[in-house]
Each structure stands twice: as C-alpha cells, then as structure tokens.
1. Compute the long axis of helix 131-152 from its Cα atoms, compare it with the longest principal axis of the Cα atoms of the chain, and write down the angle in degrees, 0 to 90, nearest 10.
2. Report the far tail of the P(r) of segment 3-91, meaning the percent of Cα-Cα pairs longer than 16 Å.
3. For VAL153, VAL54, what's the fewest-to-most ordering of other Cβ within 10 Å of each Cβ?
4. Does segment 146-330 come out rounded, prolate or oblate, given a ≥ b ≥ c as the square roots of the eigenvalues of its C-alpha gyration tensor, rounded meaning a/c under 1.5 and, failing that, prolate meaning a/b above b/c?
5. Points 7 angstrom from Cα along the Cβ direction at LYS74 and PHE22: gap in nanometres?
6. Can you give me the long-range amide H partners of TYR215? Hydrogens built in the peptide plane at 1.01 Å from N, cutoff under 5 Å, separation of 5 or more residues or another chain.
7. Once label points are set 7 Å from the Cα along Cα→Cβ at both ARG314 and LEU220, what is their separation, rounded to one decimal in nm?
8. May I ask you to derive the relative contact order of the chain, considering only C-alpha pairs under 8 Å and at least 6 residues apart, and to give it as an integer percent?
Amino acid sequence: MKDNEMNPGKIMQIAGAYWQSFALHAAVKLDLFTILGEERLGAAEIAARIGGDVRATATLLNALTAMNLLEKTKGAFFGTELSNSFLSRKSPSHLAHIIMHMHHLVDSWRRLDEAVITGKPTRPRASIRGEQEREAFLMGMFNVAMGLAPQAVKEIDLTGRKFLLDMGGGPGTWAIHFCLANPDLRATVFDLPDTKPFAERTIARFGLNDRIIFYEGDYLKEEVEEGYDVVWLSQILHGEGPDTCREMIRKAVGALVTGGLILVHDFILDNDMAGPLQAALFSLNMLTGTEAGRSYSEQQIMDMMREAGAEELRRLPSHPSVGTGIVAGIKP
C-alpha cells in the first residue's frame, strides 16, 4: 500500500456511507425531487409543500446539494439533470421504487451480525411483507430492468425464435423488452398470483396484451410445460440455495424445444467468490433475507446448466452499471 493511502480516510468513508444513503432515502420518501423538478424554490416554500420544519428541510436540501443531487443559487434549490432523470417521479426512468425497497432492507442489514452468527435471515421474504413493501419490491425490479433491458435485449440474438418463457418475471419488464425488440416473439410471464396485477398493468402500459400472457403459479413446485424457444431466468437464482437452483434450471431446460436457448441473468461472482463488489454485497443481502440464497459464480451457474443438459455454455457481456451478467446455453 502506498504511504498516501495509509490513513483512516477510506475506512471512515465506508463506515459513514449510510449517511448519504439515508439522506437520499428521506428525500425520495418526502418526494422532494418531484416537488422541485425544473422549479427553483427556497427552503421555506419546499418546507411548506411537504409540511416540514424550515430549518430541518433546509439542512436536508443543503446536504443533497453537497451530494450533487441538487443545485443551489441565491438561496433557491433546483434539480440537476441526474436527479430530474432518475429521482423525480415525473420521469419515466425514475428509481423511486427501488430506492424505497432498499430503504425497507435497512433494519435487516443493521442486524447483519446476527445473520452471520445464526446463518438465518433477519427479515421475511418479500412475498409475505405488507402491500407497500411488496409494491416497492416488484416495481423496484421494474425500475432496475427499465434501465438495463432496452439495451441488453438488443445484444441477444433471438432471430427465428417465437416463444419465450420468463420464469419469475415479476412485472414482466424483460418479456416486454424482448418482445419490443423482436416483433415475431410471444412471451409468457410465469410468477406467483400476487404478482399478476403489477404485470398486467405493466404489459398493458406497453400495449402488448396480445403478445404477452401471465401464467400464475409457483415454478418451485410446479412442472413447466415444454414448447419454448427461449427461457429467461432473471434475478431468481440468488433467492435460493444450490439444490433449488439446480431444480429451477432443470425445469427451464426441460421447457425448451431442441435447440432452445436458456439465459440466466443475475449478479455473478468471480470464480474465487471474492468479487466483484456488487455481487459480493448482494450475496450478503441474500444472507439477511433468505434461508439459503446467495450470489453464484460463473462456474457454479455453468455447472448447474451443464448438469441440466445444456451445452455451448458461454458468458454474454456484463452490465457494470448494475453489476449483473448473463450466462447462455443451448438444449441439444
């Protein structure tokens, strides 16, 4: 280590990183970025709109400005290009849902030491939480996928393929963008019944009701019918232990016709399991929220796919902005 790096600054920065996180969470919860938008407002006006204390509101606004999420000129605050694009609910690219989902995870992360000692989660699964948290989780997945799917699907060649199965597809965002990029493609989103209203609203929003259907069920317990050219598993392996993941991949490969394509999208660890950072941290998140979930390495995912009968395994380009990657294989 270089001499100029031998100081506690890095450690203190990590230790206090949650200060910025909580400032952002509070601002999103109060909808400050939507209130501001393109307007230039003083702290007193903003406080009046949210029903807040003027001094406290100004303190938060100044901190958000220091974080480069707002700008301030002559006592007036206004949104930046970044915050107007991703933090104002007026923007179709806003991340409010996923930020609130992260806020709902705070208490379980506070008790991470308990999870390490016991090996048990410190929060319930999303499916058994309240409606508000469930919505934040599902629409948070929509937020994340909307930032990634439009470009990622263009990098995946589905020429000649007609039927796609999106296992655990949530609100259907990936199925939607695969269909938008491939006009001859039809898709089925297979997920739990309480996901159906979110999926139907999202599919209708893109005008794809005639090409995407929602099948309600539990792919962990039910068999999956054969007949698909593509099966897409996005961000579902990390919620389960290795044995369950093997079974899911077996069902996915079994649902494919000969020559069919299986695509596994998730946070993927290096084969030594010690990075990259986002995948390693996400594995901790699964420790606090599931009985056996974790991030898997590329080799582990390929081994499970190979055991299920998939061949021609390959890693597709990674997506560093969210820390995920895709592993592809063919059913012989």
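1. 70 degrees
2. Working: 2109 of 3916 pairs.
Counting every Cα pair in segment 3-91, those more than 16 Å apart make up 54 percent.
3. VAL54, VAL153
4. Values: a/c = 1.42, a/b = 1.34, b/c = 1.05.
Here segment 146-330 falls in the rounded category.
5. Going by the 7 Å Cα→Cβ label model, 3.6 nm.
6. Residues meeting the amide H criterion: VAL189, PHE190, ASP191.
7. Between ARG314 and LEU220, the label points sit 3.4 nm apart.
8. 12 percent
No lab work stands behind these numbers, since they all come straight from the coordinates. No experiment lies behind these values; they were computed from the predicted model shown. All Cβ positions, glycine included, derive from the backbone under ideal geometry; neighbour counts span all protein chains shown.
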